[in-house]
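The values are calculated or read from the model by the stated rules, or taken from the named source; none is laboratory data. No experiment lies behind these values; they were computed from the predicted model shown. Positions of Cβ are generated from backbone atoms using ideal geometry, with glycine treated the same way; all protein chains shown enter the neighbour counts.
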Amino acid sequence: MSHARIKASNTPSNEAAASSRSAAPDHAPAEGFEHAITGLSRLVALQRTAGNQVVQRWLRGPAAPSRPGLPPGSRRIQRHDGPTILSPEGEDKAKASGAEKTPEAKKMEEVRAILEKSPAGKAALAVIDKYKVPVDLNYPGPGSIYQPPAPGKIKILKTKTAEQAAFTLVHEANHAEASNLNKTADINKLGRAEYVKTMLDEETTSTVNAILSKLGMSAEDQKGVKTSPLLQERYAKAKKAALDAKKSEEEANKAAWQSIRDAFTDGTLVTSNTKEPYDVYYGKAWDKVHKPPAKEDL
Amino acid sequence: MAITREDIAAAIAPLREDIAAAIRDRQSTDIERIDCPALSRYRVYMVTVFAPHAPIVHYVGYAEGGTAFVLSEDPAAFTAMAAADGGVDITTEAEAAAYVEVFLAVTRPLSRLSYLVKSIEDVSFRPGLEPEEAAARRRFEREYRSVIRPPSARKTGDSFEVTAFRVIEQSLERVTVRVTRHGALAIDAEVLEQDLPLVIGGE
């Protein structure tokens, strides 16, 4: 892919190096590490070059080096096993290893290609790259979520097409940004009304961003895009009405945003699994924390 | 001995650790038993996670000493649970209809808005309809007022055939579920109407 983006990793200092990684085999030891390595720094170098999973396999293998002070077989570095978390680092690992891309890696490339077609899409990609938010495109669901705390994870339902996943990613990226900027509502600190309002505003912006990532595409690129057509129509209609009333572009955008905000509370838009208006749901969530229910009878 | 969240979580953990963790978390998760009289050993639970941005719902099947099941969006898992239960014995049309109602609620799509409708009043239209949308609503209500009814069963040999109606986003479906005496299920759905001006499910 030719898109420009920030490389990300578990080891932030390697961002510059990541972009010039060469292909390495997807089994240990990687090129340049054939000989015994005794220092932790070399392990970290391997981790940066070949990725955590390669290091993990290597450590489990017979050639695993010993580290003073640790018994044989002890885990020496922090790692994660998850093969389905497609962080930007994960993409790099696939490239670095020279291995054939996984279906998830290919899907992520498609997602990125779709989002590169609009300013809102590019902004969402910038968020996940800036905050190094892993994206799991293989989430069994139900639904898709941004899971805090920051940097958090974006989990997208595995049955979504690349197109659907792309617009969901835009939605969830706004939640990720709010969380990483400490702008999301704190359910423990805010009063009920303020919490509900702040969450509604955040959810509205997430929804509007997803709409804008479609509307910001060229007419040709928008052909056949079917995600959330009803909300997109509502947004476009409100904006047009404002522009027809001689409002400025900024005022029209605000009016369109407000039309989506209203949908969350007027019964137009409800939670998919509990069929509640969102203000009702956020209020119940606040109550759950501040007024724990009585003992359960299971 | 009373069943606890920890019991259910321990049984579910091998299948979905994330669901098990949610069940253990009393502060942000509700767990509610769904009554299903046809089951002799198993209990069905709805697990609602009060996630920050939108709820997450799972359905699970649990029996003390038995294999647990994640039932959400998985009709085959429901049938497997009935087989594992070993005591399902559906002998009347009313029992078949009640059993299928639970099955449809528990295995319905959860990533899209879907709900069982027992009368025309259960179909949720959006507020503020445009004139042509309002006309579509009137036409729909006229045609389906006498059609949509609660799940009803009829005996077909050793089995039952249950008919029910459900909405998925902007569509109305007639669902036909064949259920055996011991609780095995097979489902067919027919889309009756599309693009109705109904409420929208959020992301």
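Taking the stretch A:250-264, which residues are over 12 Å from residue B:202 (Cα atoms) and within 11 Å of chain B (Cβ to nearest Cβ)?
A:259, A:262
Tally time: how many residues in the stretch B:187-203 are surrounded by fewer than 14 Cβ atoms within 10 Å (Cβ to Cβ) and of a type in the set (A, V, I, L, M, F, W, C)?
Going through the stretch B:187-203 one residue at a time, the tally reaches 1.
What number of residues within the stretch B:18-43 satisfy the criterion of being touching a Lys or Arg at 6+ places or on another chain (Cβ under 7 Å), more than 7 Å from every other protein chain (Cβ to nearest Cβ) and hydrophobic (A, V, I, L, M, F, W, C)?
Here the count works out to 1.
Of the residues B:95, B:6, B:32, only one is surrounded by fewer than 22 Cβ atoms within 10 Å (Cβ to Cβ) and under 23 Å from residue B:188 (Cα atoms); which?
Checking each option against the conditions leaves just B:95.
Could you tell me whether any residue of the stretch A:227-239 is more than 27 Å from residue B:129 (Cβ to Cβ), more than 10 Å from chain B (Cβ to nearest Cβ), buried (at least 20 other Cβ atoms within 10 Å of the Cβ) and at pLDDT 95 or above?
no
Here are some residues: B:150, B:127. Which one is loosely packed, with under 14 Cβ neighbours inside 10 Å, modelled with pLDDT of 95 or more and in a loop (DSSP other than H, G, I, E, B)?
Answer to the check: B:127.
In this structure, does residue B:113 turn out to be touching an Asp or Glu at 6+ places or on another chain (Cβ under 6 Å), within 11 Å of another protein chain (Cβ to nearest Cβ) and under 28 Å from residue A:146 (Cβ atoms)?
For residue B:113, the condition - touching an Asp or Glu at 6+ places or on another chain (Cβ under 6 Å), within 11 Å of another protein chain (Cβ to nearest Cβ) and under 28 Å from residue A:146 (Cβ atoms) - is met.
For every residue, the table says whether it meets (1) more than 30 Å from residue A:264 (Cβ to Cβ); (2) touching a residue at least 40 places away in the same chain (Cβ under 8 Å); (3) in contact with a strand residue (DSSP E or B) (Cβ under 9 Å, 6 or more places away or on another chain).
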residue	(1), (2), (3)
B:125	no, yes, yes
B:131	no, no, no
B:149	yes, no, yes
B:161	yes, no, yes
B:179	yes, yes, yes
B:191	no, no, yes
B:197	no, yes, yes
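For (1) closer than 22 Å to residue B:57 by Cβ; (2) of a type in the set (Gly, Ala, Ser), each residue gets a yes or a no:
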{"residue": "A:139", "(1), (2)": "yes, no"}
{"residue": "A:142", "(1), (2)": "yes, no"}
{"residue": "A:146", "(1), (2)": "yes, no"}
{"residue": "A:159", "(1), (2)": "yes, no"}
{"residue": "A:185", "(1), (2)": "yes, yes"}
{"residue": "A:189", "(1), (2)": "no, no"}
{"residue": "A:199", "(1), (2)": "yes, no"}
{"residue": "A:205", "(1), (2)": "no, no"}
{"residue": "A:222", "(1), (2)": "no, no"}
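Just to be sure, is residue A:296 within 14 Å of another protein chain (Cβ to nearest Cβ) and part of a loop (DSSP other than H, G, I, E, B)?
yes
Only residues that are in a strand (DSSP E or B), facing chain A (nearest Cβ under 10 Å) and within 15 Å of the chain's Cα centre (by Cα): list them for the stretch B:57-96, please.
B:57, B:58, B:59, B:70
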